[in-house]
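Each remark here refers to the structure printed beneath this line.
The values are calculated or read from the model by the stated rules, or taken from the named source; none is laboratory data. Worth saying up front: this structure is predicted, and the values here are computed from it rather than measured. Reconstructed Cβ throughout: ideal geometry from the backbone, glycine too, with neighbour counts over all protein chains shown. The accessibility values were calculated without ligands, DNA or RNA, using every heavy atom of the protein model including side chains. Shrake-Rupley method; radii C 1.70, N 1.55, O 1.52, S 1.80 Å.
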Amino acid sequence: MVEYCTMKNNEIPFFLGYVEQAIGGGQDPLSPPISISRNGTLAKWRGKLNFLDLRVNDPGLKKNAAAFELVLQKAASLSITTIITLPEYSPVYFDLPPEPKPKPEEPARPARRVEVKATRLTHFKPAYLALPSVLQGHSSYYSLSVEECLPVIELAAKYSVKDIIVPVSEPGVFLDPQAEIKLKKALKELSAVASEASINLHLRNGGISLSVYGKLAREFGCKLAYDVGIAHLEGENVLDTYQKLNDEISIIILQQVLPGLDKFSARRDAMERALKEYVVARNEYRKSIEDKDDSYSEKCLKRFNYALKDYQEASRNTYLNLGLYQSGDLNMVPLLKEIRTSIEAGAEKYVLLAMVPNTRNNDFVFQKLAPENFSGAF
């Protein structure tokens, strides 16, 4: 579905999109989920968005291929354009604590509604095509292969997806020369396959300098998917970069952030610590069951459940992906005005909202991007 603003007899295309990220494993690497499917069906959002960024957090489509394909089918049936982001996370699964047995004296409570409960804990390891040397072999990261990206590109081609985002690294974790060589080799293979399917690659900033991006863009013809939240955390002048690379940026990712890469890192560290405690508690519970020690098993089960709550609390993301109308560190207005100037000049811009879906975000963006004498409805 394409919306147009009309100004002085010129049609100005303006595309507004949201992220669909809570597919793989039934959970989301960022909590709460930045997911249309968790905030109403796609049909409910028809008329409120033009495109969807389907983030395929399933390297090689080994476990959830059908779920991702279903989203593409639904989007196509609703005339919603889809772009795809290559895997940035790799899921690892863990058993959940068993449900407590009801006490004999407690009457069964009638179910108010059918609740879909998670059947396992999903932990997501950051996954990238090229890791800096300091992270090579690090147990907390996953080394993504080109082969694991190819099924994603094939699925994109099947549904006529024209744009794919390639995450380079995470905020503040910059590529060193060795990682740059590895990324270049991977991009050579990926760009060849994508080109055959008439798909454009967009490198997403984060851990890549603009000079390195420039070299890769010249060699492979890729563009920049510009995440302003990540750029801000890395100390970049967002407005200056956008003005310099305006012609190379067609996808702008908006996310509000709180200041400091230390907060981003602290959440990751807290999740790692909580996961280790969770695994210890799980193993102790399993051992108590094997030993048939009912009294000790009860204590271990309590610890198991406490460890689950600790992990869930640690995974809550309060630093990134805040609504644009919330109080964050990034003033979006100057950038949105600059984007408006671009679209009034006829440039095609896809504005992607990477946050919990809320129509208040739509209103905020549209107020800043709509031409002054636009009288239509979005």
Mind checking which of N283, N50, N362 has the largest fluctuation in a GNM of the chain, springs on alpha carbons under 10 Å? N283
Among G221, V92, V134, the residue whose Cα sits farthest towards the positive end of the charge dipole of the chain (+1 at Cβ of Lys and Arg, -1 at Cβ of Asp and Glu, taken about the Cα centre) is V92
If I model a spin label at R120 and E154 as a point 7 Å from the Cα along the Cα→Cβ vector, what separation in nanometres do I get? 2.3
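About its Cα centre, how strong a charge dipole does the chain have in debye, to the nearest 20, once Lys and Arg get +1 and Asp and Glu get -1 at the Cβ?
Details: 47 positive and 47 negative charges, 159 e Å.
Here the size comes out at about 760 debye.
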Gyration tensor verdict on the stretch 252-378 (Cα atoms; rounded if a/c is under 1.5, prolate if a/b is larger than b/c, oblate otherwise): prolate
If you bin the C-alpha pair distances of the stretch 134-236 every 10 Å from 0, what whole percents do you get? 14, 47, 33, 6
Rg from C-alpha atoms of the stretch 248-287, normalised by the globular rule of thumb 2.2 N^0.38 Å, equals 1.98
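Roll a 1.4 Å probe over the protein chains and send me the accessible area per residue for the chain in Å².
Details: 18750 Å² over 378 residues.
Using a 1.4 Å probe on heavy atoms only, each residue of the chain averages 50 Å².
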In the stretch 130-163, whose amide N lies under 11 Å from the spot 7 Å out along Cα-to-Cβ of Q178? List them in ranges. 131-137
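Please report the antiparallel percentage of the DSSP beta bridges confined to the chain, to the nearest 5.
Values: 12 of 47 bridges.
Within the chain, antiparallel bridges account for around 25 percent of the total.
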Ellipticity estimate at 222 nm from DSSP helix runs (n ≥ 4, -39,500 (n - 2.57)) divided over the chain, nearest 500: -12500 deg cm²/dmol
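Can you give me the % of accessible surface on the stretch 256-367 that is carbon or sulfur? Probe 1.4 Å, all protein chains present, nothing else counted. Don't jump to the answer; show the numbers that get you there.
Working: 2890 of 6060 Å².
Here carbon and sulfur together make up 48 percent of the probe-accessible area.
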What is the gain in length, in nm to one decimal, between K62 and A347 on full extension, counting 0.36 nm per residue of separation less the C-alpha to C-alpha distance? 98.8 nm
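Rounded to the nearest 20 Debye, what is the dipole magnitude of the stretch 189-231 about its Cα centre when Lys and Arg each give +1 and Asp and Glu each give -1 at the C-beta?
Values: 4 positive and 4 negative charges, 34 e Å.
Using Cβ point charges on Lys, Arg, Asp and Glu, the stretch 189-231 gives about 160 debye.
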Over the stretch 290-362, volume per residue of the alpha carbon convex hull, in Å³: 137
Once you put a point 7 Å from the Cα of E219 and another 7 Å from the Cα of Y325, both along the Cβ direction, what distance in nm separates them? 4.6
Nearest-20 debye value, the stretch 154-299 charge dipole, Cβ charges on Lys, Arg, Asp, Glu: 280
Note: the chain, point scatterers on Cα, Debye, no solvent; log10 I/I(0) at q = 0.15 Å⁻¹ equals -1.42
Which residues' amide hydrogens lie under 5 Å from the amide hydrogen of V19, considering only partners 5 or more residues apart or on another chain, with H built in the peptide plane? D53, L353, M355
Pulled fully out, how much extra length does the chain show between K309 and E69, if you take 0.36 nm times their separation in residues and subtract their Cα-Cα distance? 83.2 nm
Taking H placed 1.01 Å from N in the peptide plane, check which residues at least 5 places from R204 or on another chain put their amide H under 5 Å from its amide H. V166, V168, A225
